[in-house]
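Take a look at the structure below.
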Amino acid sequence: MLTTLKRIVQEVNSAADLGSALTILVSRVQAAMGTEVCSIYLFNPESRRYVLMATKGLNAEAVGRVSLAPNEGVVGLVAQREEPINLDDASSHPRYLYLSETGEEVYNSFLGVPIIHHRRILGVLVVQQRAKRKFDESEEAFMVTMSAQLAAVLAHAEASGQVLGFDQTSQSNTKPARDVLVPGVPGSPGVAIGKVVVISHKADLYGVPDKTIKDSAEEVRRFQAAIDGARSQIRKVGEALADLRPEERALFDVYIRMLDDDALGNEVIRRIEEHKQWAQGALRDVILGYVAHFERMDDAYLRERATDIKDLGARVLAQLQESVELAPEFPENTILVSDELTPAMLGEVPESKLKGLVSVKGSANSHVAILARAMGIPAVMGAIDLPVKQLDGLQMVVDGYRGRLFTHPSKRLRTQFQAIVEEEKAFVKGFEALKDLPAQTTDGHRIRLMVNTGLITDAVRSKDRGAEGVGLYRTEIPFMMGERFPSETEQANIYRQQLETFAPNPVTMRTLDIGGDKSLPYFPIEEENPFLGWRGIRVTLDHPEIFLLQVRAMLKASIGLNNLQIMLPMITTISEVEEAQHLIYRAYQEVRNDGFDVQMPKIGVMIEVPAAVYLARQLAQMVDFLSVGSNDLTQYLLAVDRNNPRVADLYDAFHPAVLNALQRIVNDGHQEGKPVSVCGEMASHPSGALLLMAMGFDSLSMNATNLPRVKSVLRAIDMPWAKALLEEVMGIDNPQIIASMVELALERRGMGRFIRPGS
Ligand code: PEP
Ligand code: MG
């Protein structure tokens, strides 16, 4: 049963459009269930009715014509009750509605299951039979499993249909509607209007976007060169592995034969010539076509060959990608779209042209979103239903405030969003006067506002915005941009720029924090549960050579400036701090022995794991300062992956458990006489910053974009008011109510525009 299920889902998934997906679906389910009829009804939000979209067994002419309101028929009842209805004689059911066009009167038994995606009813899947019998439990279970698996596939196909112009109800290709809205998660505030450039991971066949070309002869030549390159590469790999057993060596011969075989190559060339498709796209179509074919085979050995074909395709693709001119043409207003944006991808577009970012995977707390906020580029994450591959060249509006996108924007919509862009520009200009004013409440309470940096460009921006130092320099960002670990001198140069930019103010450099969603292309870490795995300090303590080299580079960079602070990420255990301190002292001695006049920097620990919350006092005794990583602390306390758009609604730093933990950490740190700061994104939000200040945090570190906003709010309020508000919200159990209470309080004091710009 599982194999049948998988195969149907795969087939539906690889259908070209919604119409063919539904046709495949009904005929496969009808065959698998051995029934006479299988039909699917989808909810049409405009008419608010369930429309018969495909059928195997009922009159084909009824498709697209017959529909039911939610309060009509047994189909409507399945949707209303959100559970299966299994009847041996449907016509005797009180809700039965006779639809003459379908010819269904001859069928007696009926089993309908709802198709539900993220709590939303997409439609109803129905099987029917002449024989008067109830479907048995295993049949019902099959249908429920089928519909649960299909829900995501259909939701995606439906959204793609709207974006790409397949009219659901008529099942014909039409012009796409205007202002098609695709929901996502807010990644970085702001609005961008521009032209989509799709960027994919290197050598990922599934991520190759569609692009049309003018010169097919040139494209064919490029493809043939790539085939030659892949062939000699495979030969070389085979030769280098001298110890292979004959059966393993045979695999390489098979690969080479596949490449020599004209069939595959000719098919790709035909696609290039006929469809004016670029070589990567033609290769993708042909290889994935074969893959789908092999994956459907009953024989396990042949099914496995799908993996070989995929691998072969990826090798040819890698060759093609190498031959592409390195800098593709980026329009002046580029909206960079990818299945999974990475920090390194941002570096590929000239900053002046990069206007907006969109990622199908990831969430507001993914590192690429954090970086986008630092750079002030609007971003939408988790747009899971976006048909990325077909978007290249489209016009798009990115609404980073509310986490949504619009494709095919009408003139009216553009004008509306352009007005927001202008308003935001004027708003930011108003911040200039704030730059040199202290972050001080009306009753004189002073708090230090620092910035989070990663690139040198955002360091420069930060200074312009009045930052009083760096509370978190994510050293892994420059590591992500290269193709190998940076050398000690290369690191020292990068760190020196940061330290010089802010001197004499402190710059808090965090030691390399990789793992989780931050991987280095040249040091991949592949794990089932990366956020609970080899991350942060765990990696660097296992690789003291990397840690020592980094600390030496930091120390050398600080000569004469003496504004360096070192911070340790992902601390869970006291011994990790002891070991790290030991290594830092060792690096310090080595650098001094080499004749460099360096000072011992302050050392701090990040509190971002629940274990560290309960060890905060002991940790504070050991180090000079504590800094709360509220992004990870929220994820670990609430057991919500910060990167997963499906649970993005549950990720909330205003959850009472998080607020209680924060209050405890600051109290414990102060008991030991040590300063405590927050460098997670919570500090970047005016409401979050207000509560953190009221809790007693000494400094807040945030993205440069939001710093003036936070400063404006803190300068307009007084500490007793903030403390009273904190006390009030600490008694509330619902994070959303807490957020609304703080926003309302700020609004009442005339600060609404700082919390919800653009809305
Ligand atoms: C955090 O976890 O809050 C933090 C500041 O570090 P990062 O977001 O880089 O994990
Ligand atoms: Mg962290």
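The values are calculated or read from the model by the stated rules, or taken from the named source; none is laboratory data. Source: prediction; values computed, not measured. Quick reminder, even Gly has a Cβ in these numbers, built from the backbone with ideal geometry, and neighbours come from all protein chains shown. For accessibility, only protein heavy atoms count, side chains too; no ligands or nucleic acids. Shrake-Rupley method; radii C 1.70, N 1.55, O 1.52, S 1.80 Å.
Table for the structure above
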{"quantity": "Boolean, residue 701 is within 14 Å of ligand 1 (Cβ to nearest atom), of a type outside the set (Phe, Trp, Tyr), part of a strand (DSSP E or B) and open to solvent by 10 Å² or more (accessible area, probe 1.4 Å)", "calculated": "no"}
{"quantity": "Conditions (1) in contact (Cβ under 8 Å) with a residue 40 or more places away in the chain; (2) more than 16 Å from ligand 2 (Cβ to nearest atom); (3) out of contact with any helix residue (DSSP H, G or I) (no Cβ under 7 Å at 6 or more places or on another chain); number of the one not met by residue 472", "calculated": "(2)"}
{"quantity": "Residues (of a type in the set (Asp, Glu) and either assigned to a helix (DSSP H, G or I) or at pLDDT 90 or above (or both)) located in the range 261-291", "calculated": "262, 267, 273, 274, 285"}
{"quantity": "Residue count, the range 363-379 (criterion: at pLDDT below 90 and assigned to a loop (DSSP other than H, G, I, E, B))", "calculated": "5"}
{"quantity": "Selection from the range 623-671 of residues that are more than 14 Å from ligand 1 (Cβ to nearest atom), modelled with pLDDT of 95 or more and of a type in the set (Gly, Ala, Ser)", "calculated": "639, 657, 669"}
{"quantity": "Filtered residues of the range 669-689 (kept if surrounded by 22 or more Cβ atoms within 10 Å (Cβ to Cβ) and either without any contact (Cβ under 8 Å) to a residue 24 or more places away in the chain or within 24 Å of residue 602 (Cβ to Cβ) (or both))", "calculated": "669, 676, 677, 678, 679, 680, 681, 682, 683, 684, 689"}
{"quantity": "Given (1) in contact with a Phe, Trp or Tyr (Cβ under 6 Å, 6 or more places away or on another chain); (2) over 22 Å from residue 431 (Cβ atoms), number of the condition residue 478 does not satisfy", "calculated": "(1)"}
{"quantity": "Residue match in the range 51-59 (condition: part of a loop (DSSP other than H, G, I, E, B), open to solvent by 30 Å² or more (accessible area, probe 1.4 Å), in the same structural domain as residue 27 (by TED's automatic domain parsing) and not aliphatic (A, V, I, L, M))", "calculated": "yes"}
{"quantity": "Filter result (among the β-branched types (Val, Ile, Thr) and either part of a strand (DSSP E or B) or farther than 20 Å from residue 146 by Cβ (or both)) within the range 64-89", "calculated": "66, 85"}
{"quantity": "Residue check for residue 84: open to solvent by 30 Å² or more (accessible area, probe 1.4 Å) and in contact (Cβ under 8 Å) with a residue 12 or more places away in the chain", "calculated": "yes"}
{"quantity": "Entirely in the range 614-691, the helices (runs of 4 or more DSSP H) that have 1 or more residues that are more than 25 Å from residue 440 (Cβ to Cβ) and within 22 Å of the chain's Cα centre (by Cα)", "calculated": "630-638"}
{"quantity": "Scan of the range 13-32 for residues that are open to solvent by 40 Å² or more (accessible area, probe 1.4 Å) and in contact (Cβ under 8 Å) with a residue 60 or more places away in the chain, ordered by number", "calculated": "13, 14, 17, 32"}
{"quantity": "Residue within the range 635-646 that is away from ligand 2 (no atom under 16 Å from the Cβ) and open to solvent by less than 30 Å² (accessible area, probe 1.4 Å) present", "calculated": "no"}
{"quantity": "Unique residue being within 16 Å of ligand 2 (Cβ to nearest atom), assigned to a helix (DSSP H, G or I) and not small (Gly, Ala, Ser) when the list is 547, 479", "calculated": "479"}
